[in-house]
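A.B. asks: Pasting a structure below so you can have a look.
Just so it is clear, none of the values below were taken in a lab; they were calculated from the coordinates. Since the structure is predicted, the reported quantities are computational estimates derived from the model, not experimental observations. Reconstructed Cβ throughout: ideal geometry from the backbone, glycine too, with neighbour counts over all protein chains shown.
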Amino acid sequence: MSTDTRTAAGNDLAELITDLQSRGMRVEVPIGERRSGAGPADAGMLYLDGVATTVPVSAGYVADSPYTLRSDDDGSWAVYEGSVRLADASLAPRPKYYDLTTADGIPYWKIALMHLDSMASTVLQTCAYWGNSDQCRFCGIGVTLAAGRTIAKKTPAMLAEVAVAARDLDGAVDATLTTGSTATPDRGAMYVARCGAAVKEAAGLPVQVQFEPPRDLDVIDRVADLGIDSIGIHIETFDPAVLARVAPGKARWGIEAYFAAWERAVQALGPGQVSTYVIVGMGEDPQLLIEGCKRAIDIGVYPFVVPLRPVPGSLMQDETPPSKAQMDEIYHAIAPYMALKGMSSAQVAAGCARCGACSGLHAFETGKGDLRDGRPALPLHVV
């Protein structure tokens, strides 16, 4: 069978990434992936035409995807649709530090994983919401722990040790630290921040820490005082009915509590250094999502918009990601508005928004650095 060697360019690549993240990609050989945890999972990690991307590769719906990752005759990799070669692909190598263990025998990979070029860890792999009526339906934080793929609590010293190895052996450029929510008033913010401070002191990497809104917003100032570069406070959805259904524990805080926490965090760290996950595909009203994202952008918060990634073992494991058309509606509204307001993931010091791989949003941006320079942005039609 002959091969059509056309490749994606410009907006074509952004459109391809969006469709891949909705439909997944069949693979000929296993590739490095994140199967569960507290955030987007079933994530095959690779670079498409140099752009960091994660794509579902293991879920059942992937069998119907028109896209395949295949090896070319010269040993390189590419994404194909039938016989049409759409984009070059570079697979993320297995990190070298995964072969190391701590002095007391804990494998480094159970402490922190490499997400492409970012070292990432859930510092407390337990959550006050897990296993009860408050459990977030999209989350798999307890699945990884039950499977023995991590440990329940990572200490600042452990994370500092692994961060140095990730930097030196595998070129980690930042650290992303999240946590299960605790029943304490700070919701775990100070512990994850102390872990982040230890990583920064030992390895010199920019650090993002992620936590729920603390009851006392002065906690956010104390987090910033520890030298943390970026903060993620994740609302998940701006549709209050959906939030109540999929994350009842979070919903009790109320959406306005997130805006109050973001405003304090932006005061402490500056515009663009605060981000929030916004998940598409849980039955939300798209207009509420768009309006909420724009309001967040207006106060300096980067809305990290991602398609739902159903996590095996989670309460939403049988769901499927939203369609490309659903994601296009959101991206076409949000990306131009961000550009209008001067916001870009290129400004983010550390964390998920800095990497951008689990979303298609970053592929529509300009000014992202060498890998993305020259790629046209979406037309500026502000909705």
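A.B. asks: List the Cys residues of the chain that have no partner Cys with a C-beta closer than 4.7 Å.
C.D. replies: Cys with no partner Cβ under 4.7 Å: C127, C195, C293, C352, C355, C358.
A.B. asks: Let me know the charge dipole size of the chain about its Cα centre in debye, to the nearest 20, where only the beta-carbon of Lys, Arg (+1) and Asp, Glu (-1) is charged. Walk me through the intermediate numbers first.
C.D. replies: On the way: 33 positive and 45 negative charges, 154 e Å.
Charge dipole, the chain, about its Cα centre: 740 debye, nearest 20.
A.B. asks: Determine the alpha carbon to alpha carbon distance for each of K96/K324; K110/K250; K96/K294; K154/K324; K96/K200; K110/K200 and list only those over 30 Å. Provide the component values of the computation, followed by the final result.
C.D. replies: Working: K96/K324 35 Å; K110/K250 27 Å; K96/K294 41 Å; K154/K324 37 Å; K96/K200 21 Å; K110/K200 20 Å.
From the list (K96/K324; K110/K250; K96/K294; K154/K324; K96/K200; K110/K200), the Cα-Cα distance tops 30 Å for K96/K324; K96/K294; K154/K324.
A.B. asks: I would also like to ask the following. Cα gyration tensor of region 222-332, axes a ≥ b ≥ c as square roots of the eigenvalues: rounded (a/c below 1.5), prolate (a/b > b/c) or oblate?
C.D. replies: Working: a/c = 1.86, a/b = 1.60, b/c = 1.17.
Prolate is the answer for region 222-332, as a/c is 1.5 or above and a/b outweighs b/c.
A.B. asks: Okay, moving on. Can you work out the Karplus-derived ³J(HN,Hα) for every residue in region 243-255? Use 6.51 cos²θ - 1.76 cosθ + 1.60 with θ = phi - 60°, whole Hz, and x for glycine or proline.
C.D. replies: 4, 5, 7, 9, 9, x, x, 5, 4, 5, 5, x, 4
A.B. asks: Residue by residue through region 104-114, which ³J(HN,Hα) values in whole Hz follow from phi under the Karplus form 6.51 cos²θ - 1.76 cosθ + 1.60 (θ = phi - 60°), with glycine and proline marked x?
C.D. replies: 9, x, 8, x, 4, 5, 7, 9, 7, 10, 8
A.B. asks: Sticking with this structure for a sec: Karplus couplings for region 307-319 from phi (6.51 cos²θ - 1.76 cosθ + 1.60, θ = phi - 60°), rounded to Hz, Gly and Pro as x?
C.D. replies: Once θ is set to phi - 60°, the couplings for region 307-319 become x, 4, 10, x, 8, x, x, 8, 6, 10, 5, 8, 6 Hz.
A.B. asks: Starting from the Cα coordinates of the chain, work out the convex hull volume and express it per residue in Å³. Before the final figure, lay out each step's value.
C.D. replies: Values: hull volume 48.9 nm³, N = 383.
Per-residue hull volume (Cα only) is 128 Å³.
A.B. asks: Shifting gears a bit: Let me make sure I get this right: for region 26-177, a, b and c are the square roots of the gyration tensor eigenvalues over alpha carbons, sorted descending. Under 1.5 in a/c it's rounded, otherwise prolate if a/b > b/c, else oblate. Which is it?
C.D. replies: Details: a/c = 2.60, a/b = 1.42, b/c = 1.83.
Since a/c reaches 1.5 but b/c is at least a/b, the shape of region 26-177 is classed as oblate.
A.B. asks: Separate question: Considering only DSSP beta bridges with both partners in the chain, what is the antiparallel share in %, to the nearest 5?
C.D. replies: Details: 26 of 50 bridges.
If I count the DSSP bridges inside the chain, around 50 percent turn out antiparallel.
A.B. asks: Once the Cα gyration tensor of region 93-132 is diagonalised, what are the square roots of 5 times its eigenvalues, in whole Å and ordered largest first, as equivalent ellipsoid semi-axes?
C.D. replies: On the way: eigenvalues 111, 44, 9 Å².
Working from the Cα gyration tensor, I get semi-axes of 24, 15, 7 Å.
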